[in-house]
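Novice: I have a structure I would like to understand better, so I am pasting it below and will then ask my questions one at a time.
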Amino acid sequence: MTPFLTAGVDEAGRGPLVGSVFAAAVILPEHYDLPGLTDSKKLSEKKRDRLAAMIKEQALAWHIAHADPQEIAELNILHATMLAMTRAVQGLAVAPHKVWIDGNRVPKDLGVAAEAVVKGDSKIIEISAASVLAKTARDAEMYALAERYPQYGFEKHKGYGTAQHLAALQQYGVLPEHRRNFAPVKNLLAQGRLFE
């Protein structure tokens, strides 16, 4: 008899002013060894990186997807997040029978039974695993941006609207990777403040 497969889905990067929003979907086997796995926000970066490697090794299937800043501008952040989640589920090499999604909304047209679970990343182990993969992928994008644009400090604030990030935006202007429909970016664009 085929086992009943459930996937967990979570996102990372809804709030920042720059970069993509990421989502991951994970199906874990019946037996796994992931000590300390919980909501990625409660884990140190070192522990997240270690767990991400273990999840990728042990999962029956996993997939990380994203929606880029242009899609975020076109769709808004909520719909872009739903798109990234849909891509994550559809990218799984094994089709799940049911999907657990962190939060209070389920993407339309997932093509599989799905249920939203508020604070699911600390309640359902598959969602915890997805939260770790989404967060580590999002952080990797920020480190790549930090190498290209060292003056913005992305490795420190990860793209959130901190005082340091807002000061860098004021000083250096808006990057192509910034989210054009987010207020601080939108206001600077209205002043023609593009990165040169």
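The values are calculated or read from the model by the stated rules, or taken from the named source; none is laboratory data. All figures in this text were calculated on a predicted structure; none of them were measured in a lab. As a convention, Cβ positions derive from the backbone with ideal geometry for all residues, glycine included, and neighbour counts pool all protein chains shown.
Novice: Given the structure, is ASP49 within 14 Å of the chain's Cα centre (by Cα), acidic (Asp, Glu) and closer than 17 Å to ALA24 by Cβ?
Specialist: Spelling it out, it is not the case that ASP49 is within 14 Å of the chain's Cα centre (by Cα), acidic (Asp, Glu) and closer than 17 Å to ALA24 by Cβ.
Per-residue answers, yes or no, for (1) under 18 Å from ALA12 (Cα atoms); (2) among the charged types (D, E, K, R):
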| site | (1), (2) |
| --- | --- |
| GLN151 | no, no |
| PHE154 | yes, no |
| HIS157 | yes, no |
| ALA163 | no, no |
| GLN171 | no, no |
| ARG180 | no, yes |
| VAL185 | no, no |
| ALA190 | no, no |
| ARG193 | no, yes |
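Novice: Residues in the range 134-154 that are surrounded by 14 or more Cβ atoms within 10 Å (Cβ to Cβ) and not small (Gly, Ala, Ser): how many?
Specialist: The qualifying residues number 10.
Novice: Right, another one. Could you check the range 52-67 and list, in sequence order, the residues that are within 12 Å of LEU28 (Cβ to Cβ) and either small (Gly, Ala, Ser) or free of Cβ contacts under 8 Å to residues at least 40 places away in the same chain (or both)?
Specialist: MET54, GLU57, GLN58, ALA59, ALA61
Novice: Further, regarding this structure: Can you name the helices (runs of 4 or more DSSP H) wholly within the range 11-113 that have at least 3 residues being polar (S, T, N, Q) and either modelled with pLDDT of 95 or more or surrounded by fewer than 23 Cβ atoms within 10 Å (Cβ to Cβ) (or both)?
Specialist: Passing ranges, in order: 77-90.
Novice: On to the next question. Criterion first (in contact with a Pro (Cβ under 8 Å, 6 or more places away or on another chain), of a type outside the set (A, V, I, L, M) and either not assigned by TED's automatic domain parsing to the domain that holds MET85 or not in a helix (DSSP H, G or I) (or both)) does TYR160 satisfy it?
Specialist: Yes.
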